[in-house]
Amino acid sequence: MRWWSIPFVLALGWFLYTLTPFWALYDLARAVQAHDVAYVERHVNFRTLRLSILRQAAAAAQAQGADEAEPRDRQRLADAAVALAIPVAEALVTPQTVVDLLDDGWPQSVDLGLEDGAADDVGTRPARPGLRIDGLRRLIPFYLHSEMRGFRAVVIAVPPEAPRANRFRVRLRLRGWTWRLVDIELTQALRERIAQKLARAAARVR
């Protein structure tokens, strides 16, 4: 092998390696569409995902009330936000709910409705495209909207063509020889709805 071919071989090897998480993504998408809860349960790190959802929910609740709080009350607000976010995170991070969330970015099985019977225009409108990969060619836009985080993690936008505010992002991490889902970055609309739910819960316990 000539010396000048070494960089080419290394680049090709890296490119092929970056394709491996997308085989896992393809299998995960098929499991989501088939509502294969057992497959999802085996390929999701629920502990890491639960912590991430908890942080996102607490941050959304804290941000909503931060402008109204006095500086001395902000730590109390942060503690209350975490306490209220725990049951929401628990509800969102189950095998069935993860399937529901990946399907279209919205967990219809979790009660995040508005108070007083107001119309839930987000939760009841037609499902938005989520993790749907009908063929291998469909993996191309997912690949183009992904970001490798070192050698063992990749962040992928879902669905890739959607505006940033309307898409969520998943993070896969390599453990052993298997890529597993470890994080779901919720959409802006879902974070706002969770913040509203937590604000209503906080108002009831005051």
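Below, the figures for the structure above:
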item	result
Chain lengthening between Tyr17 and Glu192 when straightened (0.36 nm per residue, less Cα-Cα)	59.3 nm
Ordering of 130-138, 24-32 by packing [mean C-beta count within 10 Å, highest first]	24-32, 130-138
Inter-probe distance in nm under a simple model that places probes 7 Å from Cα toward Cβ, at Arg50 and Ala91	1.7 nm
Nitroxide proxy distance, nm - points 7 Å out along Cα→Cβ at Ala165 and Val37	3.5 nm
Rounded FRET efficiency, nearest 0.05, which uses the C-beta distance separating Arg138 from Phe8 and R0 of 35 Å	0.75
Exposure proxy order (Cβ contacts within 10 Å, fewest to most) of Val82, Val98	Val82, Val98
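All of the numbers you see were taken from the coordinates with simple rules; none came from a lab. The structure presented is a predicted model; accordingly, all values stated were derived computationally and were not measured. Neighbour counts are summed over all protein chains in view; Cβ atoms, including those assigned to glycine, are modelled from backbone coordinates with ideal geometry.
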